[in-house]
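Structure first, then comments.
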Amino acid sequence: MRLSGIRYKTVRLVFVLKVAAGFALWAIYTFHYSYRETSDAFRYFDDAMVLFNTLKDSPTIYFQFLFGIGLDDPALTPIFDQLRGWSSSYSYGIANDNPTIIRLNMLIALFSQGFYHVHTVVFGFLSTVGVMAFVRGAYALGNISFHKTLAFLSVALMPTVLFWGSGVLKEAPLIAGIGMFLWSLTNLLKKQWRFVFWTALSVLFLANLKPYVLITMLPAVIAFLLGKVVLKQRLVWLRYTLVVVVSYVGAVFAARVYSPGGMLYILAKKQQDFYNVATANNAGSTVEIAPVDQSFFGFLMDVPERLWLAFMRPTLSEVEGAFYWPPMLESSMLFILFVVVIFRFRIVRKELLTNELFCFSLTFIIVLGTVIGSCVPVLGAVVRYRLPGVLFAALLVPLTLFVYPVLNRWIADRF
């Protein structure tokens with residue numbers, strides 16, 4: 001049985017692996033890193049349980065928090081005092097995304113009754129479906145010829161996607177949100193109007209779950225829509241380049257219309273905030289990164305260094321324990337992929353520069369990596385923050401590998 005080009009047994013295998021990875025993440029943060037008070041693996045779940053437990057005696061409180069109604073009521077202060085992850089001290093005009101994941105856990109708690117691993121299974125399911133929707137959306141993004149099963153496995157088995165994208169964290173629903181957005185948008189542009197709702201819902205969901213992902217994806221989305229609606233898929237690479245340039249100019253001078261400040265100022269403040277949080281929590285994987293250059297051209301000169309931090313670290317020399325190995329191996333895989341893309345680019349330059357998926361992916365990876373590398377000096381956080389970029393980078397495997405015909409037949413026969 002195939003699900004739009006992906007065999008059911010392959011989807012089932014990935015789902016089982018994701019649930020197993022979710023259990024492994026729980027075990028690591030239960031028995032090894034036993035910091036339940038500060039661990040994301042538990043604090044959003046624990047906050048949801050605090051609110052879920054109000055349902056029996058004070059259901060009004062449960063629904064107030066679920067829908068965000070009347071939360072300025074002083075009577076709710078004792079509830080807020082019990083919540084560790086609801087509020088965020090650093091926003092700069094961007095929505096606080098913690099309540100979204102807490103509310104999702106509140107809904108799951110209606111049938112889990114507080115049993116943690118029901119949430120693990122649900123999040124594993126969301127991640128698996130999200131990867132499948134992502135691959136289907138990517139397939140429809142442009143004229144491409146990769147095998148869907150190969151793409152599905154390439155994305156799902158990346159270490160970051162498999163591990164961090166399977167636990168009771170923001171990453172699993174984030175994968176679902178990105179997948180739903182890409183899939184619904186490409187279907188909407190085929191004039192399948194029922195996808196208006198799903199596109200709007202996915203945008204709203206991403207805006208409240210991980211606003212930085214939606215913001216950094218905007219240049220690629222705008223360039224894609226210009227090609228579909230105005231330019232009829234002409235001038236592909238030039239279109240994406242011009243949109244990135246215009247977006248950068250607008251972001252740098254945004255302070256004139258955006259009260260929290262321009263992009264460079266916000267990145268500098270976010271970098272300092274990350275250092276403050278890392279110091280307060282004694283983060284072991286903190287690294288030194290250059291301050292954000294506040295000049296227009298000076299910032300651009302630092303982009304290669306920012307991309308290196310975001311996608312090529314940790315390196316082998318930075319491995320200090322067993323938990324450094326998976327992200328280090330992933331960074332090595334991304335580096336090899338980069339070399340392969342460069343090698344293939346010389347051979348099929350015309351095909352890649354006119355490929356909508358390649359230009360969309362590369363644009364998003366560069367913008368996202370620049371933002372992450374500018375303001376996240378903690379390698380443990382970098383690995384999680386780069387996950388959306390890893391999704392798109394993994395697609396370049398079936399898109400650019402020169403051995404693709406051989407892999408295509410091998411994968412088709414076995415999966």
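Any idea what the relative contact order of segment 1-209 is, in percent, if you count C-alpha pairs under 8 Å spaced at least 6 apart?
On the way: 255 pairs, mean separation 55.3, N = 209.
Once normalised by length, the contact order is 26 percent.
Where the centre of each part is set by its Cα atoms, how far does segment 347-398 sit from segment 188-267, in angstrom?
If you average the Cα positions of each part, the centres end up 15 Å apart.
Distance cut-off 21 Å, Cα to Cα: go down the list Lys170/Lys270; Lys210/Lys270; Lys190/Lys232; Lys18/Lys56 and report the pairs above it.
Working: Lys170/Lys270 19 Å; Lys210/Lys270 15 Å; Lys190/Lys232 13 Å; Lys18/Lys56 33 Å.
Checking Cα-Cα distances, Lys18/Lys56 exceed 21 Å.
In units of 2.2 N^0.38 Å, what is the alpha-carbon radius of gyration of segment 1-74? Don't skip to the answer; put the middle values down first.
Values: Rg = 18.8 Å, N = 74, 2.2 N^0.38 = 11.3 Å.
Here the Cα radius of gyration is 1.66 times the empirical estimate.
FRET efficiency for Phe197 and Ile69, Cβ-Cβ distance as r, R0 = 22 Å, nearest 0.05?
Given R0 = 22 Å and the Cβ-Cβ separation, E is 0.45.
Give, in nm to one decimal, the length gained when the segment between Val252 and Thr279 is fully stretched (0.36 nm per residue of separation minus the Cα-Cα distance).
In short, 6.8 nm is gained.
Considering every Cα-Cα pair within segment 210-301, what fraction, in whole percent, is farther apart than 20 Å? Before the final figure, lay out the partial values.
On the way: 2171 of 4186 pairs.
Counting pairs separated by more than 20 Å, the tail of P(r) holds 52 percent.
What 222 nm value per residue comes from the helices of the chain, counting each DSSP H run with n ≥ 4 as -39,500 (n - 2.57) and dividing by all residues, nearest 500 deg cm²/dmol? Write out the running numbers ahead of the final one.
On the way: 22 runs with 288 residues, N = 415.
That calculation yields -22000 deg cm²/dmol at 222 nm.
Can you tell me which of 221-232, 317-328 comes out highest on packing, and rank the rest after it, using the mean Cβ neighbours within 10 Å?
Numbers: 221-232: 16.1, 317-328: 14.2.
In descending order of packing, they fall as 221-232, 317-328.
What do you get for the angle between helix 263-280 and the principal long axis of the chain? Use alpha-carbon atoms, 0 to 90 degrees, nearest ten.
Between helix and principal axis, roughly 50 degrees.
Percent relative contact order of the chain, based on C-alpha pairs within less than 8 angstrom and at least six residues apart?
Numbers: 522 pairs, mean separation 79.9, N = 415.
Once divided by the residue count of the chain, the mean separation gives 19 percent.
Give the Cα extents of the chain along the principal axes, in whole Å, largest first.
Here the spans come out as 65, 55, 50 Å, largest first.
At 0.36 nm per residue, minus the direct Cα-Cα distance, what do Lys232 and His32 gain on full extension? Give it in nm, one decimal, please. Please report the intermediate quantities before stating the final value.
Details: separation 200, 0.36 × 200 = 72.00 nm, distance 5.41 nm.
The Lys232-His32 span can extend by a further 66.6 nm.
Running a GNM on the chain with Cα contacts under 10 Å, which residue among Lys210, Lys270, Lys350 ends up with the highest mean-square fluctuation?
For the chain, modelled as a Gaussian network with Cα springs under 10 Å, the answer is Lys350.
Relative to the longest principal Cα axis of the chain, at what angle does helix 303-312 sit, 0 to 90 degrees, rounded to 10?
The two axes meet at around 70 degrees.
Name the residue, out of Gly137, Gly261, Gly179, whose mean-square fluctuation peaks in a Gaussian network model built on the chain with Cα pairs under 10 Å.
Gly261
Cα centroid distance between segment 15-84 and segment 273-301, in Å?
29 Å
Listed highest first by mean packing, meaning other Cβ atoms within 10 Å per residue, what order do 68-75, 56-63, 247-254 come in? All intermediate terms of the calculation are to be shown ahead of the outcome.
Values: 68-75: 9.6, 56-63: 12.8, 247-254: 16.1.
Most protected by this proxy first, the peptides run 247-254, 56-63, 68-75.
Nearest 10 degrees is fine. How inclined is helix 195-209 to the longest principal axis of the chain, computing both from alpha carbons?
60 degrees
Rule-based calculations on the coordinates, nothing more; no lab input. Because the structure is predicted, anything quoted here is derived from the model rather than measured. All Cβ positions, even for glycine, are placed from backbone atoms using ideal geometry, and neighbour counts span all protein chains on display.
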